[in-house]
1. How would ASP61, ASP50 line up by accessible area, probe 1.4 Å, largest first?
2. Carbon and sulfur atoms: what percent of the 1.4 Å accessible area of the chain do they account for?
3. Could you work out which residue, out of LYS71, LYS38, LYS30, moves most in a Gaussian network model of the chain, that is, has the largest mean-square fluctuation with Cα springs under 10 Å?
4. Enter the Cα centre distance for the pair the stretch 152-170 and the stretch 17-59, rounded to the nearest angstrom.
5. Taking only pairs that are 8 or more places apart or on different chains, how many Lys pairs in the stretch 119-203 have Cα atoms under 23 angstrom apart?
6. About the Cα centre of the stretch 88-173, how large is the charge dipole given +1 on each Lys and Arg Cβ and -1 on each Asp and Glu Cβ? Please answer in debye to the nearest 20.
7. Rounded to the nearest 5, what % of DSSP beta bridges with both residues in the stretch 88-173 are antiparallel?
8. Can you spot the aspartates and glutamates whose alpha carbon is less than 20 Å from LYS71's alpha carbon? Ignore those fewer than 8 places along the same chain.
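The values are calculated or read from the model by the stated rules, or taken from the named source; none is laboratory data. Bear in mind the structure is a predicted one, so any value in this text is a computation, not a measurement. With ideal geometry, Cβ positions are generated from the backbone for all residues, glycine too; neighbour counts draw on all protein chains shown. When the accessible area is computed, the model is the full protein with side chains, heavy atoms only, and any ligands, DNA or RNA have been set aside. Shrake-Rupley method; radii C 1.70, N 1.55, O 1.52, S 1.80 Å.
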Amino acid sequence: MVTVALPKGRIAQQTLHIFEQIFKEKFEFKGRELILKKAGFTFLNVRNWDVATYVEYQAADIGVVGYDVIKELNSDVMELLDMKLGVCKVCVGGIANDDSYKNKTELTVATKLQNIAREYFSKKGIPTKIIKLNGSIELAPLIGLSDVIVDIVETGTTMKENGLEIKEDVLEYVSARLIANKNSFVEKKPQIIKLYESMKELV
Ligand code: PRP
């Protein structure tokens, strides 16, 4: 049995669809079920931010999670495959047509990606105060909570509709990755490799 942690929502559905194509069976969490057992797999329906944690602690053998999460948590897991799902970037965003943030001696940055933001500005030698938010990050510069934000940009619509623009790219390519626990990869190598090979053909 291989345990697979999937992030609630679209990525989980798309990943289960890949399993359906491989095994020619229906893979679906029913109602509010958090566990699904099928075809020798146990799927766990977990929050996006918890996937890497489940895999790192071997509560799941493998999982699918965004590269932003792996990077932010600095997870000790093996990255096996780029699933090419949920493609986006991580950017510095700020008020459109206003670059005055560049003249600040200390930059206030609102983000849920605190470590990514801290590392990015520290490499540039820019002192920052990082304010951790959990969502609707785009609001922060609009009401003066921060000078800029560091956030996920997919279509760019959220920034545009709120009078913000991309100022700098922090991570130019973010996507969902198939990850594995390091011990599981050794213990269940044949099953994991077989699955990896099938998935690779479909993504
Ligand atoms: C993400 C991200 C941006 C938005 C970007 O938010 O934090 O707000 O999507 O997408 P876009 O470029 O296509 O507009 P999410 O929907 O995950 O919500 P939250 O961060 O506010 O919780």
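1. Highest to lowest solvent-accessible surface, that is ASP50, ASP61.
2. 47
3. Checking each option, the largest mean-square fluctuation is seen for LYS30.
4. 32
5. Close lysine pairs found across the stretch 119-203: 11.
6. That gives the stretch 88-173 a dipole magnitude of about 340 debye.
7. 60
8. Within the straight-line limit of under 20 Å, LYS71 reaches these aspartates and glutamates: ASP50, GLU56, ASP61, GLU79, ASP82, GLU119, ASP151, GLU154, GLU168, ASP169, GLU172.
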